[in-house]
1. Would you say residue 304 is within 26 Å of residue 157 (Cβ to Cβ) and not assigned by the TED database to the domain that holds residue 397?
2. Can you report the number of residues in the stretch 275-299 which are open to solvent by 40 Å² or more (accessible area, probe 1.4 Å) and either modelled with pLDDT under 90 or within 14 Å of the chain's Cα centre (by Cα) (or both)?
3. Within the stretch 103-123, identify whether any single residue is more than 28 Å from the chain's Cα centre (by Cα) and of a type in the set (Ser, Thr, Tyr), and answer yes or no.
4. Out of the residues in the stretch 12-66 meeting the condition of being among the β-branched types (Val, Ile, Thr) and under 24 Å from residue 201 (Cβ atoms), tell me which one is surrounded by the fewest Cβ atoms within 10 Å (Cβ to Cβ).
5. Say we look at the stretch 361-393 and pick out the residues that are among the acidic types (Asp, Glu) and more than 44 Å from the chain's Cα centre (by Cα); which of these is most open to solvent (accessible area, probe 1.4 Å)?
6. Test residue 4 against the criterion of being at pLDDT 95 or above and either within 23 Å of residue 191 (Cα to Cα) or part of a helix (DSSP H, G or I) (or both), and give yes or no.
7. Any idea how many residues of the stretch 419-440 are touching a helix residue (DSSP H, G or I) at 6+ places or on another chain (Cβ under 8 Å) and assigned to a helix (DSSP H, G or I)?
Amino acid sequence: MWGGRFAEGPAAIMREINASIPFDQRLWRQDIAGSKAHVSMLAANGIVTAEDGAAIARGLDRIAGEYEADGVPVDLALEDIHMATESRLAELIGPAAGRLHTARSRNDQVATDFRLWVRDAIDAVDAGLKALQVALVTRAGEHVATVMPGFTHLQVAQPVTLGHHLLAYHEMIARDRSRFRDARARLNQCPLGSAALAGTGFPIDREATARALGFDGPTRNSLDSVSDRDFALDYLMAATQASLHLSRLAEEFIIWASQPYGFVSLPDAYSTGSSIMPQKRNPDAAELVRGHSGRIAGCMTALVMTMKGLPLAYSKDMQDDKPPVFEAHDLLALSIAAMTGMVETVTFVPAKLRAAAEAGFSTATDLADWLVRVADIPFREAHHITGAAVRLAERLGVALDKVPLEKLKEIDERIDGRVFGALSVDASVASRSSFGGTAPDQVRARVAEARAYLGMDG
């Protein structure tokens with residue numbers, strides 16, 4: 001490829017460190033598509049003959065068929081997917097293959113291929129995340145009124161409904177999808193035609209190649225075009241955020257499946273056993289999702305460090321841009337699929353959820369609110385009165401709504417029998433009827449909106 005400048009070939013170690021074909025072979029579909037668009041444009045503008053253009057296109061189609069059937073052969077001497085394809089094209093059609101690289105460089109070629117790959121990856125992730133949202137919304141619809149404890153600091157705080165809790169993750173995933181959509185919109189400019197770094201003197205039509213490859217238009221600066229990897233960083237940052245959300249849900253399933261909680265029973269399909277303890281049902285799938293989030297964040301950090309301080313335009317460091325993106329994508333896709341399967345098949349235990357909500361004085365805030373609403377007591381004073389009531393209930397070993405009225409009146413005589421209508425967990429969740437609250441009617445409305453947003457009823 002570049003032997004005319006060098007009297008000797010590269011050392012064996014140089015061939016190994018320089019070659020990217022072991023990993024960039026994954027770009028073969030995008031590389032074939034980009035080459036076909038490029039040669040079509042060259043022929044349309046008289047830069048190559050129609051005959052050579054047609055021969056190159058036929059050869060590329062044949063190579064695509066070979067790659068599809070047998071995979072990409074790995075030859076370190078050919079360095080990368082671009083040279084592997086061009087070398088095979090020369091074997092198939094002869095010297096005309098050399099015309100394919102007219103008016104382009106591997107710099108703009110790989111920038112284009114990688115953008116196409118990341119765009120496809122975003123589309124695949126979006127479909128997976130939507131499937132997870134559908135699972136969450138479906139299960140939320142089954143549990144709009146199922147009472148469970150809401151936590152802060154992992155301490156029982158206030159009663160909520162399980163449907164409300166699951167919809168919180170639907171909202172997180174919706175934001176993840178929006179981040180990926182934003183990343184896709186930003187990357188959808190075509191670098192092809194920027195050549196090595198300065199553009200080309202050939203009369204190319206960059207608008208045509210951009211359209212052929214589904215881009216919104218060509219990039220506007222050739223230096224930036226070949227050296228930009230913002231699109232890969234955008235992908236990794238969105239992937240990192242999504243993986244953090246998946247990890248939070250996985251962590252909750254891990255906690256909820258433990259015997260002290262018993263809120264859920266994970267299906268056999270997403271659990272493993274122990275080699276020594278026959279009673280064990282380990283939430284390994286959830287734990288691996290939790291672990292994958294750290295690896296995905298590591299991939300993001302790796303590319304950030306690779307790009308830090310690189311001068312314009314292309315530097316060989318940037319060959320290391322693809323492995324972290326490929327690894328993160330594979331891990332994220334697997335994590336999404338695992339969490340979707342768990343959400344779809346997990347068995348919730350409503351009795352355990354309710355018992356936990358009732359056990360932690362979770363309606364204390366409702367007592368304070370009742371004192372404000374009914375007894376016209378300032379909230380800070382009501383908070384103090386309620387704290388004394390909780391201390392009393394704790395001493396008696398009963399829930400707040402089981403404390404005798406006369407005992408409550410000893411704390412504050414303004415408390416009357418009407419208070420007991422506010423102290424059950426069901427009354428508590430029903431009262432949280434502000435927009436976005438946990439009241440079953442609100443949860444039902446949010447489920448309906450989510451189903452419409454996801455097209456689940458159409």
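The values are calculated or read from the model by the stated rules, or taken from the named source; none is laboratory data. This is a predicted model, so every value here is computed, not measured. Don't worry about glycine lacking a Cβ; one is built from the backbone with ideal geometry, like all the others, and counts go over all protein chains shown. Accessible surface is based on the protein model in full, side chains and every heavy atom, while ligands, DNA and RNA are left aside. Shrake-Rupley method; radii C 1.70, N 1.55, O 1.52, S 1.80 Å.
1. no
2. Number satisfying all stated conditions: 10.
3. Within the stretch 103-123, one or more residues are more than 28 Å from the chain's Cα centre (by Cα) and of a type in the set (Ser, Thr, Tyr).
4. Here the answer is 49.
5. 376
6. no
7. 10
A quick yes/no check of all residues on (1) touching a residue at least 60 places away in the same chain (Cβ under 8 Å); (2) closer than 22 Å to residue 253 by Cβ:
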position: 133; (1), (2): yes, yes
position: 139; (1), (2): yes, yes
position: 147; (1), (2): yes, yes
position: 153; (1), (2): no, yes
position: 159; (1), (2): yes, yes
position: 171; (1), (2): no, yes
position: 176; (1), (2): yes, yes
position: 184; (1), (2): yes, no
